[in-house]
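Student: Below are the structure tokens for one structure; questions will follow.
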Amino acid sequence: MAKLKNIIKQLSNHDYEAIHHSLLESNAEKSAYLLKSMREKSHSDTKIMEELGVNTNAYYTLRSRLYQKIEEYLLTQMESPRTDLLKRVSNISETIFTRKPAITIATLKRLEKELIDYDLSNELTVVYKHLKKLHINSPDFFSYSQSYNKHVAYMLAVDKAEDMLSEYFKKFGVFCLTGDEIDKLGLTLLNREMINVCNMYNSHRLYVYQACMNVFHRLFVEEDRPEDDGEPIEDILDRVEKYFKEFDLDTIYHHLEIVFEYLRLEYYNHYKVYKKAEKYYEEVNESIALLLSNYSLYTYPAQFLMTKVERCLRNGSEASLYVENDALFEDFEYDRENVPQYVNYVLYRTLSCYYANHFDEAAKWLNNLLNELSLKRYQLATIEIKSILALQYCLMQDVELFSQLVNSIQRQVRMLTKEDCSHITSFLKILKIAMSDVKRDKIVKIKAIASRISDSGRKSFSPTKYIVFDDRLINLLSEVEAVERKHH
């Protein structure tokens, strides 16, 4: 992990010794050894794994935990200006009653400047409220009253921007499953409203919030047209990075850095600049459980799961997903109430099992999903999910469950437009050929239909497009023998 190595090498001797000592005290000898190796040696990951005597999966977990330990230590060493400022703002009343007015005013003016620098609107309203009162007999009363009113309005604008951001990604999840044009229009209107609200103030915080939404919108909802939307995406990302460096002690910005690393990855992936995307992939990948758990108010992290699948299919590493998941999601607790994200997560886990030939486990993930959630609102998504499940039953050679499920899918398909389901119809035809008793020319027939499957009509949520009819799968399907099983 290049970023981890860079951080370790840049640690001061004092910080390095403190982290190393704390690891040894907590009996984390392997983490301590990894820290020392990355600090003092230039060994490859493979060499370090050999020295530690661990496999790839255990090494992956070890690196991730070491990174968390270092981050936790550095955060405890960070003097947060927010904490200091909040403490001083909370002591304003004490200052007013115990200090001379001139000293109190000077204190508040100094606080005002620091709060403006860090764009802390809530605290600014408190300062202006008191400055206004202290100048009740002065001509400056009107000026501070205006400042107070302005910052109350600004505070409400920041609150509104945060609310719109979370609402946008909630709606995007729904749009992801439906692909509905009305849902898309709702996202576009929210994006425009966010732009209008943020344009009312010269605020780096509002700019960052707007960037979270606008960049994502231009990559996944509406085609990116810099000439229409103004600032190019790469310039937006660079400007946000500049704000993060300028206000490096701002805790919100510290945590949002991973969101913008993810957006950079998706930006380069969108334009097929895969070499640059790789620079951000590992960091985002190792943070995916945290992103799914804690960042759905600022982005749509479930999208990364599908981006990851596409990457693995592109470089032929899809079989590695299954083993990697044990480390990535060791402590992850999914939220079933966030239906779109949960559906995407389950489909990702299902595909990981499928690529590793664990068809029973893949089927179990999908059956649990269909039993736990009501997906009536998402008919196309339900058909896609059931089609993936039908593939597992086919590869498991279970004719009874396969037949029941295919009949259910076909009933649902008949209720929808032909254009939306043409690829599903072809997909099912291939599975029926595989399950048929006729063995002659199976491979030829499957290849012929697979070559005609089109991406036209597919909505954004379409896991069947990640089922590649390559030689591996076609050979598996050609060897299927329908078996009658009794289910109790």
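Student: So, in the stretch 279-303, of the ones that are outside any loop (DSSP other than H, G, I, E, B) and among the hydroxyl-bearing types (Ser, Thr, Tyr), which residue ends up nearest to GLU330 (Cα to Cα)?
Tutor: Within the stretch 279-303, the match that is nearest to GLU330 (Cα to Cα) is SER293.
Student: Which residues, taken from the stretch 422-457, are part of a helix (DSSP H, G or I) and either at positive phi or in contact (Cβ under 8 Å) with a residue 40 or more places away in the chain (or both)?
Tutor: HIS423, ILE424, PHE427, LEU428, ILE430, LEU431, ILE433, ALA434, MET435 - these are the residues of the stretch 422-457 that are part of a helix (DSSP H, G or I) and either at positive phi or in contact (Cβ under 8 Å) with a residue 40 or more places away in the chain (or both).
Student: Can I ask one more? Mind checking which helices (runs of 4 or more DSSP H) fall wholly inside the stretch 317-413 and carry at least 3 residues that are more than 22 Å from the chain's Cα centre (by Cα)?
Tutor: 359-372, 379-395
Student: So, one more: For the stretch 168-199, which positions are assigned to a helix (DSSP H, G or I) and acidic (Asp, Glu)?
Tutor: Passing the criteria: GLU181, ASP183, GLU193.
Listed here are the residues, each with its yes/no results for (1) in a helix (DSSP H, G or I); (2) aromatic (Phe, Trp, Tyr).
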| site | (1), (2) |
| --- | --- |
| LYS9 | yes, no |
| GLU17 | yes, no |
| SER22 | yes, no |
| ASN27 | no, no |
| ALA32 | yes, no |
| LYS47 | yes, no |
| GLU50 | yes, no |
| VAL54 | no, no |
| TYR60 | yes, yes |
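Student: Could you check how many residues of the stretch 408-421 are among the aliphatic types (A, V, I, L, M) and either buried (at least 16 other Cβ atoms within 10 Å of the Cβ) or free of Cβ contacts under 8 Å to residues at least 12 places away in the same chain (or both)?
Tutor: Qualifying residue count, the stretch 408-421: 2.
Student: Right, another one. For the stretch 127-151, what are the residues that are crowded, with 16+ Cβ neighbours inside 10 Å and under 25 Å from TYR243 (Cα atoms)?
Tutor: VAL127, SER147, HIS151
Student: While we're looking at this one, here's another question. Would you call GLU167 assigned by TED's automatic domain parsing to the domain that holds TYR253, modelled with pLDDT under 95 and either out of contact with any Phe, Trp or Tyr (no Cβ under 9 Å at 6 or more places or on another chain) or loosely packed, with under 13 Cβ neighbours inside 10 Å (or both)? Don't jump to the end; show me each part of the working.
Tutor: On the way: assigned by TED's automatic domain parsing to the domain that holds TYR253: yes; modelled with pLDDT under 95: no; either out of contact with any Phe, Trp or Tyr (no Cβ under 9 Å at 6 or more places or on another chain) or loosely packed, with under 13 Cβ neighbours inside 10 Å (or both): yes.
So GLU167 does not fit the description; no.
Student: Kindly indicate the residue of the stretch 450-461 that is modelled with pLDDT of 85 or more and surrounded by fewer than 16 Cβ atoms within 10 Å (Cβ to Cβ) and also nearest to LEU476 (Cα to Cα) among those meeting that condition.
Tutor: The residue in question is SER451.
Student: Out of the stretch 180-200, which residues are touching a residue at least 12 places away in the same chain (Cβ under 8 Å) and either of a type in the set (A, V, I, L, M, F, W, C) or surrounded by fewer than 19 Cβ atoms within 10 Å (Cβ to Cβ) (or both)?
Tutor: If the condition is that a residue be touching a residue at least 12 places away in the same chain (Cβ under 8 Å) and either of a type in the set (A, V, I, L, M, F, W, C) or surrounded by fewer than 19 Cβ atoms within 10 Å (Cβ to Cβ) (or both), then ASP183, LYS184, GLY186, LEU187, THR188, LEU190, GLU193, MET194, ILE195, VAL197, CYS198, MET200 are the ones that fit.
Student: OK, next. Just the residues that are more than 17 Å from GLU282 (Cβ to Cβ), without any contact (Cβ under 8 Å) to a residue 40 or more places away in the chain and surrounded by fewer than 17 Cβ atoms within 10 Å (Cβ to Cβ), please, taken from the stretch 292-334.
Tutor: Across the stretch 292-334, the qualifying residues are ASN294, GLY316, ALA319.
Student: Return the residue satisfying two criteria in turn: it lies in the stretch 13-33 and is of a type in the set (Ser, Thr, Tyr) and under 16 Å from LEU74 (Cα atoms), and of such residues it is surrounded by the most Cβ atoms within 10 Å (Cβ to Cβ).
Tutor: Among them, the one singled out is TYR16.
Student: Still on this structure, I have one more. Collect the residues in the stretch 139-179 that are of a type in the set (Gly, Ala, Ser) and under 29 Å from the mean Cα position of the chain (by Cα), keeping them in residue-number order.
Tutor: In the first step, residues of the stretch 139-179 are kept if they are of a type in the set (Gly, Ala, Ser); the result is 143, 145, 147, 153, 157, 161, 166, 173, 179.
Correct list: ALA157, ALA161, SER166, GLY173, GLY179.
Student: Among the residues of the stretch 88-97, are any crowded, with 17+ Cβ neighbours inside 10 Å and farther than 23 Å from ASN137 by Cα?
Tutor: So far as the stretch 88-97 goes, yes, one or more of its residues are crowded, with 17+ Cβ neighbours inside 10 Å and farther than 23 Å from ASN137 by Cα.
The values are calculated or read from the model by the stated rules, or taken from the named source; none is laboratory data. None of these values were measured; they are calculated from a predicted model. Heads up, the Cβs are rebuilt from the backbone with ideal geometry, glycines too, and the neighbour counts pull from every protein chain shown.
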